[in-house]
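**Q** One structure follows; several queries about it will come next.
The values are calculated or read from the model by the stated rules, or taken from the named source; none is laboratory data. All values reported here derive from a predicted model rather than from experimental measurement. Ideal geometry is used to build each Cβ from the backbone, glycine not excepted, and the neighbour counts take in all protein chains shown.
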Amino acid sequence: MSDHEYTPKSKAGKWFNDRLPLLTLANHLTDYPTPKNLNYWWTFGGILTFCLITQIVTGLTLAMHYIAHADMAFESVEHIMRDVNYGWLIRYIHANGASMFFLAVYIHIFRSLFYGSYKAPREIIWIIGIIIYLLMMAAAFMGYVLPWGQMSFWGATVITNLFSAIPLVGEGIVTWLWGGYSVDNPTLTRFFTLHYLIPFLILGLVVLHIWALHVPGNNNPVGIDVKKPSKDTVPFHPYIVIKDGFALLMFMIVFAFFVFYTPNILGHADNYIEADPLVTPAHIVPEWYLLPFYAILRSVPDKLLGVIAMLSAILILAALPWLDTSKIRSAVFRPLYKQFYWILVADVLILGYVGAMPAEGLYLLVARVATAYYFLHFLVILPVLGLKEKTLPVPLSITEPILGGTANLATARNKESSIK
Amino acid sequence: MSEKKTNRRDFLFTATYAVGAVGVGATVWPMIDQMNPDASVKALASTEVDVSSLTPGKTITVLWRGKPVFIRRRTEDEIADARSVKLDDLKDPEKDEDRAKNPEWLVMLGVCTHLGCVPLNDKGDYNGWFCPCHGSHYDTSGRIRKGPAPTNMEVPKYEFVNANTIKIG
């Protein structure tokens, strides 16, 4: 936050701001000192905000035409596609928007993993982010159920049945979730309600996420604390706004490519068959963004343990700030971590691939090895690496490596202040 | 202040919290219970099925409470297969005699006990059912033999109303 107290220039502005300091907030957001070395991986926060707003706006308009009833849901979606003016466009934006949202969130998460953004003092930002990610998965899953196609129905059946793995009360919980003895109309209507609610919960959490971010300020590619404001920072507006805006435009090109040229490639053809409780599709797969976790679920031969493994794979991320024992944030200065980071990326991609394949033979073996490695990375490699690794020297400031540094801290400080 | 004695105020606090908790509980419970199966769902408790058209080796699937029910008229071989298995070989030991009172007829929920998919007929390593979702194999008695499912396919309550009609539920 900027050091100076903000006073609006106009009399009316001052009158209003004394009563509700919105202008102070706006001033904080525009002046907000940002590390000047942020690269394009840092633009995904803004892109994600755009994705959330897009989903809310298109979702609201779809809800004006959609009918949440087991007998009419499938037809009402076809009605949106064929009859409603630009209905096809709005639905394709919404359906592909979910995929784009996850694409952006995975880049955002892996950015954090590479540059150690989850480390002190940013643990709360990270944990709020994990909660947002969990809510995103819940919203995406329930949204996928709404068209009431075959994948909707059987996806809903399989995922809600995960709860039946809980000893003693599992069956009761599943019946309670369904509102019946199988996935049926009561399930559909409550999923619609929750699917409508969750984006607004996410919106609230995004405000907290940004609020928590603005306390310590952004991490940066060098991963050191910067003085704010200083010659290591630039004001958020216009510098970051322009950069975020440019990245968003590039992202929208990719988004538009999917919407206009290949709108169904990320979906499953079986979901254009209306739900049939008597026939399970031969090969049930979740949407691509859930595949790594699906692979973990299937790699464990026991029902309860499989569910526990899948949930742990997500929840383990919340403990990451404490599992990673290294004090150095950025992988740039951690030669070994950098290699393990890319192995983890490959591991998750492999899990995603085998998650889409049948759970048998070689695929199953690969899934088991990759699942074991996933947990090994977080539970063994990260804690040990932080204690053993020989890290490279970290610069004293963002500017130092460019203007030529010195090992002597006092000289460096003097030099900095003379440049200022 | 050194000694903490229970006084009237502590009693009032405790009593207030207790009454408050009961009030919150009484308000929250209807909100939770409304999600349970409602009266109209529960009313669809039983279904009658005409099985006169079934020849040995055929299966029909009917819908009961929104779930598929398999009714299979088993062949002599299948019955012999199912009855010759040693209980020690089973993951969820259950005698075929207990699952099919009338050995010719096997009635069970067509729901995989793993994650609820509908298994396929005449498939799998045990010539019974095979679940395509996550690869569970069931034998000719609908018992789990291989794969992630924890238990045998469930046998619902049913009875023969007459020689040709089964009432499920």
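**Q** Based on this model, can you work out whether A:VAL105 counts as at pLDDT 95 or above, buried (at least 20 other Cβ atoms within 10 Å of the Cβ) and within 17 Å of the chain's Cα centre (by Cα)?
**A** In short, yes.
**Q** Could I ask something else about it? Can you report the number of residues in segment A:278-305 which are within 13 Å of chain B (Cβ to nearest Cβ) and either more than 23 Å from B:ILE144 (Cβ to Cβ) or surrounded by fewer than 18 Cβ atoms within 10 Å (Cβ to Cβ) (or both)?
**A** Number of matching residues: 10.
**Q** Oh, and also: Take residues that are of a type in the set (A, V, I, L, M, F, W, C) and closer than 30 Å to A:VAL332 by Cα and tell me which of the helices (runs of 4 or more DSSP H) falling wholly in segment A:1-68 contain 1 or more.
**A** Hits in segment A:1-68: A:22-31, A:44-63.
**Q** Further question on the same structure: Just checking: which of the helices (runs of 4 or more DSSP H) contained wholly in segment A:327-406 hold 2 or more residues that are touching a residue at least 40 places away in the same chain (Cβ under 8 Å)?
**A** A:335-356, A:361-376, A:382-388
**Q** Moving to a separate point now. Picking from A:LEU349, A:LEU387, A:LEU364, which residue would you name as being surrounded by fewer than 19 Cβ atoms within 10 Å (Cβ to Cβ) and either over 17 Å from A:LEU291 (Cβ atoms) or modelled with pLDDT under 90 (or both)?
**A** A:LEU387
**Q** For A:GLY129, all conditions in the list (1) within 14 Å of chain B (Cβ to nearest Cβ); (2) part of a helix (DSSP H, G or I); (3) among the small types (Gly, Ala, Ser) hold save one; what is the number of the exception?
**A** Going through the list (1) within 14 Å of chain B (Cβ to nearest Cβ); (2) part of a helix (DSSP H, G or I); (3) among the small types (Gly, Ala, Ser), A:GLY129 breaks only (1).
**Q** Related question: Specify the residue that is nearest to A:ASP232 (Cα to Cα); the eligible residues are those in segment A:1-42 that are hydroxyl-bearing (Ser, Thr, Tyr) and surrounded by 11 or more Cβ atoms within 10 Å (Cβ to Cβ).
**A** Restricting to residues being hydroxyl-bearing (Ser, Thr, Tyr) and surrounded by 11 or more Cβ atoms within 10 Å (Cβ to Cβ), the top hit is A:THR34.
**Q** Can you pull out the strands (runs of 3 or more DSSP E) entirely within segment B:23-136 that have at least 3 residues that are over 17 Å from B:ALA149 (Cα atoms), within 14 Å of chain A (Cβ to nearest Cβ) and free of Cβ contacts under 8 Å to residues at least 60 places away in the same chain?
**A** Here the list reads B:58-64.
**Q** Looking at segment A:161-174, can you tell me whether even one residue there is in contact (Cβ under 8 Å) with a residue 60 or more places away in the chain and part of a loop (DSSP other than H, G, I, E, B)?
**A** Yes, the conditions are met somewhere in segment A:161-174.
**Q** Residues of segment B:137-158 being outside any loop (DSSP other than H, G, I, E, B), modelled with pLDDT of 90 or more and of a type in the set (D, E, K, R), which ones?
**A** Within segment B:137-158, just B:ARG145 meets the criteria.
**Q** Any residue in segment A:180-189 that is surrounded by 16 or more Cβ atoms within 10 Å (Cβ to Cβ) and more than 10 Å from every other protein chain (Cβ to nearest Cβ)?
**A** yes
**Q** Which numbered condition trips up A:LEU201, out of (1) assigned to a helix (DSSP H, G or I); (2) crowded, with 22+ Cβ neighbours inside 10 Å?
**A** Among (1) assigned to a helix (DSSP H, G or I); (2) crowded, with 22+ Cβ neighbours inside 10 Å, A:LEU201 violates only (2).
**Q** Across segment A:317-326, what is the number of residues that are buried (at least 20 other Cβ atoms within 10 Å of the Cβ) and outside any loop (DSSP other than H, G, I, E, B)?
**A** Within segment A:317-326, residues that are buried (at least 20 other Cβ atoms within 10 Å of the Cβ) and outside any loop (DSSP other than H, G, I, E, B) number 1.
**Q** Limited to segment B:138-165, what total is found for residues that are surrounded by 20 or more Cβ atoms within 10 Å (Cβ to Cβ) and at negative phi?
**A** Residues flagged as surrounded by 20 or more Cβ atoms within 10 Å (Cβ to Cβ) and at negative phi within segment B:138-165 amount to 12.
**Q** While we're looking at this one, here's another question. All but one of (1) within 13 Å of another protein chain (Cβ to nearest Cβ); (2) among the hydrophobic types (A, V, I, L, M, F, W, C); (3) free of Cβ contacts under 8 Å to residues at least 12 places away in the same chain; (4) surrounded by 10 or more Cβ atoms within 10 Å (Cβ to Cβ) hold for B:ALA18; which doesn't?
**A** (1)
**Q** Please specify each residue of segment A:333-344 satisfying the condition of being surrounded by 14 or more Cβ atoms within 10 Å (Cβ to Cβ) and aliphatic (A, V, I, L, M).
**A** Hits for segment A:333-344 are A:LEU336, A:LEU344.
**Q** Of all the residues that make up segment A:247-297, how many are assigned to a helix (DSSP H, G or I) and not hydrophobic (A, V, I, L, M, F, W, C)?
**A** 7
**Q** List the number of the failed condition for A:GLU274; all other conditions in (1) of a type outside the set (Phe, Trp, Tyr); (2) farther than 30 Å from A:ARG368 by Cβ; (3) within 14 Å of chain B (Cβ to nearest Cβ) hold.
**A** (3)
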